[in-house]
Amino acid sequence: MSPFDAIYTRQSVDRIDSISVESQAEFCKKEAIGREVRVYTDKGYSGKNIDRPAFQELMRDIEAGKVRRVIVYRLDRISRSVLDFANVIDVFQKHHVDFVSTMEKFDTGTPIGKAMLMIVMIFAQLERETIQQRVVDAYSSRSRRGFYMGGRVPFGFALKDTVIDGIPTKMYEPVEREAEIVRQIFSMYAQPQTSFGDIARYLEAHGITKRDGKLFSRSRLRDLIINPVYVRADYQLYDFFKAQGTNIVNLPEDFAGTNGAYLYSGGNQKRKTISLEGHTLVLAPHEGLVDAKTWIKCRSKCLHNQSAAKPVKARATWLAGKIKCAHCGYALTAKIYHCKTKADNRYYLCTNQNHAGGCRFGSLHADAVDEIVLEEMRKKLAEFKILSKNKGEGCSPQVVKLKSRIDTLEREIASLLDKVASANETVMKYINHRIAALDAEKKELCIQIAEFDEQRPDDAGEISGYLEYWEELSISDKITVVDVLIERITASKERLEIKWKI
């Protein structure tokens, strides 16, 4: 059977000013004189969509290769939606079917018809993108107002109905048995020497499982620890995320120490396990399970430990655990390449580059990097010697750092006190909370300074002495010295940045 011309007619309701399906068919047959035709008719169906029996039959015949050309009285007989019309035309083109509209003189078998089709497709693409943007905007708006946005319900919670701004939605409520397990996990991980492996083994030994009866894995525990739905968000949490470069939707005074929070990635390419910068934090309507101090301690530990090379296993570099990839945040590891004809070579490689879709860091010559870092350490200690004369002889790098922090706290307290006169009741509550926290931190720093004065007589000169005999030190001793001076090193082929502890 050879392909035929298909005439499609549609009429939603019988009206005096509307053309009947019979009249539509007669007009269309003038375009198919001398050809075999078949008429598909939908009477009493709207053009708001393409869910019509005769039209769907037509589409099936097109996909079966039975149709050579589709003829309609007007374009809107197919659909009043530009997007639907464009999708139908895509099917026509895929199966090499021409399209003709008698009233608009639209014929895709002619050059002008193809040009008109391109214009229609451009408007259809605009409509697609507009719809997509509306969806994105609606999602962003609802998420920023604390609405439940779907997804797996975190361990420790169940869903219940609620209303936000007059709109029905869902929120979390604690499941007490699971909530106790969550608190225990956070309490254990807050201990400096406790790892995810330690917690997983403890839970297994005590028969504690997830809802599905399976054991907690290390990755599942990590996902639990980094999720702010568990925290009781207070001003400390606000300060923590602000310092990390996170976008915070709510005002500081909204962080009253009760609600949990949602963390959204948005368009940020950095994973939340590696960096909090550029992500968005929103207070949630439910009550958190863990106090902010414990949560921050666990989250900071998780950020610090992300893909860190372990110093105890260091063999090829004294920067193990300190040097990170500037592109992805993963640790750099030193690898030795043995050579029979010349000296061995050491290179820094990103630990993420062997993963699927991993980092394209390449390599850095380790000896050159180590020499630069050693020279920067000497320069930093030289600066510190000048600084120590102003701070008082015998001050250790740690003491100078603590005193510098106290100066910062005092400036922030003074700034808050300046705002008291114009503050309303809500802002005043936040100011009081914040000043109390700053005073507490200041007292703790003073205690640490006193302990250093009694127990840590070593100063910058003593550390400088280590650098003078650097080549004679073991890797373990070098790592100890570096740990006193350096918090983190980020490296790429273009730059090397050092974040100092002093």
Q) Per-residue HN-Hα couplings for region 239-245, Karplus 6.51 cos²θ - 1.76 cosθ + 1.60 at θ = phi - 60°, whole Hz, x for Gly and Pro? A) 4, 4, 5, 4, 5, 7, x
Q: Quick one: grab Rg to one decimal and Dmax as a whole number for region 1-123, Cα atoms only, in Å.
A: 13.5, 40
Q | Percent breakdown of C-alpha pair distances by 10 Å bin, ordered from the shortest bin, for region 169-243 | A | 16, 47, 29, 8, 0
(Q) Residue by residue through region 65-79, what is 3J(HN,Hα) from phi via Karplus (6.51 cos²θ - 1.76 cosθ + 1.60, θ = phi - 60°)? Round to whole Hz and write x for glycine and proline. (A) x, 8, 10, 9, 8, 10, 10, 10, 5, 9, 4, 6, 5, 6, 6
(Q) 5 Å is the cut-off here: which amide hydrogens, built 1.01 Å from N in the peptide plane, fall below it relative to ILE164, excluding neighbours closer than 5 in sequence? (A) THR169
Q) When the Karplus curve 6.51 cos²θ - 1.76 cosθ + 1.60 is applied with θ = phi - 60°, which whole-Hz ³J(HN,Hα) does each residue of region 409-420 get, with x for Gly and Pro? A) 4, 5, 5, 5, 4, 4, 5, 5, 5, 5, 8, 4
Q. What ranking of GLU104, GLU494 comes out by heavy-atom accessible area, probe 1.4 Å, highest first?
A. GLU494, GLU104
Q: Count charges around ALA190 for me, please; just the other residues with Cβ under 13 Å from its Cβ, Lys/Arg as +1, Asp/Glu as -1.
A: +3
Q: First select every other residue whose beta carbon is under 11 angstrom from the beta carbon of ASP51; then total the charges, Lys and Arg +1, Asp and Glu -1.
A: 0
Q: Determine the per residue accessible area of region 183-289 with all protein chains present and a 1.4 angstrom probe, expressed in square angstrom.
A: 46 Å²
Q) How would MET118, MET188 rank on accessible area, largest to smallest, probe 1.4 Å? A) MET118, MET188
Q. Just the accessible area for ARG74, please: 1.4 Å probe, Å², rounded to the nearest 10?
A. 90 Å²
Q.
For region 140-184, compute Rg over Rh where Rg is the Cα radius of gyration and Rh is the Kirkwood radius from the inverse mean 1/r over Cα pairs.
A. 1.05
Q) Taking amide hydrogens as modeled 1.01 Å from N in the peptide plane, which residues meet the under 5 Å criterion relative to ALA284, leaving out close sequence neighbours? A) GLY260, ALA261, TYR262
Q: Please give the contour-minus-distance gain from ARG211 to SER363: 0.36 nm per residue of separation, less the Cα-Cα distance, rounded to one decimal in nm.
A: 50.3 nm
Q) What number comes out for the charge environment of ALA423, summing +1 per Lys or Arg and -1 per Asp or Glu over other residues with Cβ under 13 Å away? A) 0
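The values are calculated or read from the model by the stated rules, or taken from the named source; none is laboratory data. Every value quoted in this text rests on a predicted model; they were computed, and no experiment measured them. A quick note on method: Cβ atoms are made from the backbone with ideal geometry, for glycine too, and the neighbour counts reach across all protein chains shown. Areas reflect the complete protein model, heavy atoms only, side chains present, ligands, DNA and RNA absent. Shrake-Rupley method; radii C 1.70, N 1.55, O 1.52, S 1.80 Å.
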